[in-house]
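> Before anything else, here's the structure in question.
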Amino acid sequence: MGGNGTGQSILVEGLEKRFGDVHALRGIDFAVPRGSVLGLLGPNGAGKTTAVRILTTLLTPDGGRAVVEGFDVVRDAAAVRRLLGLAGQSAAIQEELTGRENLEIIGRLYHLGRAEAGRRADELLERFDLAPAAHRPAKTYSGGMQRRLDLAASLVAHPAVLFLDEPTTGLDPRGRSGMWEVIRELVAQGTTLLLTTQYLEEADELADQIVVIDQGAVIAAGTSEQLKSKVGGDVVEFTVPDASRLGDAVAAVAGLTDGDPFTDQETGKVSVSIGDRGSEALIEVVRRLDAAAVEIAGLSLRRPSLDDVFLALTGHAAEESAATPGPPRRRGRRARQEAGA
Ligand SMILES: Nc1ncnc2c1ncn2[C@@H]1O[C@H](COP(=O)(O)OP(=O)(O)O)[C@@H](O)[C@H]1O
Ligand SMILES: [Mg+2]
């Protein structure tokens, strides 16, 4: 085993990657202590997959360095691969084979004996709630079951370090919470985990430390509490259908928080950070709007989202129309992607 004696399982320094004109990683730094979970959080195109592919030796960096359990991912790539088990977005699941057969084959690839490979397959199928479907072809599995089989496959070899690239993107809420449970169990057994996600809530649930990246650069790092304190806690959101009353609405709720409410002129949506005061603040918002005789629609109390974090960190919403003037680093990126450009 490697081990670099520093207690860091993963170390990333000044990591850079270009694809032609695209500067996918602009020199990112972070460290993941052994046995902890790092959430690498960022929107589409931030550079998350590029970082994971470099760390799992599938891609060579153009600058900086990355070390996993003491092994340099370029110089000691073979050693890193041995450490990792099958990592990345899609482990080599064969659709025609049953769940159990898939796991057994991987066990044999890792030189477990026949009996041991079978035992390990059964243990993992049990742990991932797949035992009842063990003898069905993987192609008959639901999306959530396939993700769990993927994750089980990456664990056949007991990796000390695991990389999960957006493990819950595209899953329904039930599939997502099932996956969270499984991940929590893993972590409880001491696995070092680097998890990428687009969801603050997911990083919040699972990560000890969060690194927020955007357009290839780290824009914030810290615990979920530290990040949320930048946002100012929970958010009350409502819409003012009558545009002429928007100013009155904002004035009514302005005194509630230290920061200014965020207003979207186009949709009439108002967001107010209310710290940790929860439903009490919600009631106060309603009372004040009522006193000001402002009619509202769609009142909600929610946890801060990734967009709120971006807003707090960059002063811009993560999603803006391409026409909105502002520094180019945030302008319209997601809007363009959603338009299919
Ligand atoms: N093989 C590639 N060739 C060209 N551009 C790429 C390639 N892989 C990623 N990119 C670009 O690099 C940036 C970061 O991509 P990626 O790491 O996939 O982001 P994320 O996983 O956070 O969505 C994006 O602009 C993406 O289009
Ligand atoms: Mg990705």
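Each reported figure results from applying straightforward, stated rules to the coordinates on display, with no laboratory input. The structure presented is a predicted model; accordingly, all values stated were derived computationally and were not measured. Backbone-built Cβ (ideal geometry, glycine too); neighbour counts: all protein chains shown.
> Tally Lys and Arg at +1 and Asp and Glu at -1 over the other residues with C-beta under 14 Å from the C-beta of T192: what net charge comes out?
My count for the surroundings of T192 gives -1.
> If you don't mind, there's one more thing I want to ask. Report the net charge of residues surrounding D62, where surrounding means a beta-carbon distance below 12 angstrom and charges are Lys +1, Arg +1, Asp -1, Glu -1.
Result for the local shell: +3.
> Next up: Just to verify a number: FRET efficiency for E95 and H158, C-beta to C-beta distance, R0 = 22 Å, to 0.05?
So the FRET efficiency works out to roughly 0.30.
> Return, ordered by residue number, the residues of region 45-62 whose backbone nitrogen is under 18 Å from a label point located 7 Å along Cα→Cβ of A217.
Residues 45-48, 51 qualify, since their backbone N sits under 18 Å from the label point.
> Kindly put R108, R100, R147 in sequence by how many other C-beta atoms sit within 10 Å of each C-beta, fewest to most.
R108, R100, R147
> Something else about it: What does the charge add up to near E202, with Lys and Arg as +1, Asp and Glu as -1, over the other residues with Cβ less than 11 Å from its Cβ?
Combined, the nearby Lys, Arg, Asp and Glu give -3.
> Using Cα positions and a limit of under 30 Å, work out the lysines in reach of K228, with same-chain residues fewer than 8 apart set aside.
K17, K48, K269
> On the Cα set of the chain, report Rg and Dmax in Å, please.
22.9, 74
> Same structure, new question: For region 1-141, what is the convex hull volume of the alpha-carbon atoms per residue, in Å³?
Convex hull volume per residue, Cα atoms: 147 Å³.
> Give me the extension gain from E201 to R75: residue separation times 0.36 nm, minus the current Cα-Cα distance, reported in nm with one decimal.
Residue separation times 0.36 nm, minus the Cα-Cα distance, leaves 41.8 nm.
> May I ask you to sort F19, F238, F262 by Cβ crowding, counting other Cβ atoms within 10 Å and putting the fewest first?
F19, F262, F238
> Moving on to the next point. Just to compare against my own numbers: the Cα pair-distance distribution for region 94-218, 5 Å bins, whole % per bin, please.
2, 11, 21, 21, 20, 13, 7, 4, 2, 0
> Mean separation of Cα pairs under 8 Å and 6+ residues apart, divided by the residue count of the chain: what relative contact order is that in percent?
After rounding, I find 17 percent.
> Working out 0.36 nm times the residue gap between D242 and K139, then minus their Cα-Cα distance, what length gain in nm do you get to one decimal?
Difference between extended and current length: 32.0 nm.
> A further question on this structure: How would you rank Y199, Y141, going from fewest to most other Cβ atoms within 10 Å of each one's own Cβ?
Fewest-to-most ranking of Y199, Y141: Y199, Y141.
> What distance in nm lies between label points placed 7 Å from Cα along the C-beta direction at L313 and D129?
That separation, rounded to one decimal, is 3.1 nm.
> Still on this model: Say each of T169 and A188 gets a label point 7 Å from the Cα, pointing the same way as Cα to Cβ; how far apart are those two points in nm?
Modelled inter-label distance: 2.9 nm.
> Calculate the FRET efficiency for K269 and S229 from the Cβ-Cβ distance with a Förster distance of 25 Å, rounded to the nearest 0.05.
0.60
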